[in-house]
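The values are calculated or read from the model by the stated rules, or taken from the named source; none is laboratory data. In this text, all values refer to a predicted model and were calculated from it rather than measured experimentally. Heads up, the Cβs are rebuilt from the backbone with ideal geometry, glycines too, and the neighbour counts pull from every protein chain shown. Accessible surface is based on the protein model in full, side chains and every heavy atom, while ligands, DNA and RNA are left aside. Shrake-Rupley method; radii C 1.70, N 1.55, O 1.52, S 1.80 Å.
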Amino acid sequence: TKLSKLIGISENDLAKAMTTRINHIRGEEVVSRPNPKEAKEGCDALAKSVYACIFDRLVQQINDHTSVSSEQHSSKGSIGTISLLDIFGFERFDVNRFE
């Protein structure tokens, strides 16, 4: 699938990761399968993580390409800024697994 290629994971590994939970309890590995609601929450958490990584990368690229060196800064006086506001967020999730 497109997602597995984009994140560099085989389709089988991605499917297994999205449909299996592995917990270590008292030294034992316990494997369980989430119900559909839990699986959807996991999918939403993955989407949020991917979005956050892309957004952070975008901001870093903008900063890298618009920043001035300290030599340029001292000769020009002030530094301009670009501000971004992410208005979409993920506040619609019933369960936020990252906060």
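Here Cys53 does not qualify as modelled with pLDDT of 85 or more, touching a helix residue (DSSP H, G or I) at 6+ places or on another chain (Cβ under 7 Å) and not in a strand (DSSP E or B). Remark: pairs (first residue in region 1-25, open to solvent by 80 Å² or more (accessible area, probe 1.4 Å) and part of a helix (DSSP H, G or I); second residue at pLDDT 90 or above and basic (Lys, Arg); Cβ separation under 9 Å; 6+ apart in sequence or on different chains) = Glu11/Lys5. Scanning region 26-54 for residues that are in contact with a Leu (Cβ under 9 Å, 6 or more places away or on another chain) and of a type in the set (Gly, Ala, Ser) yields no hits at all.
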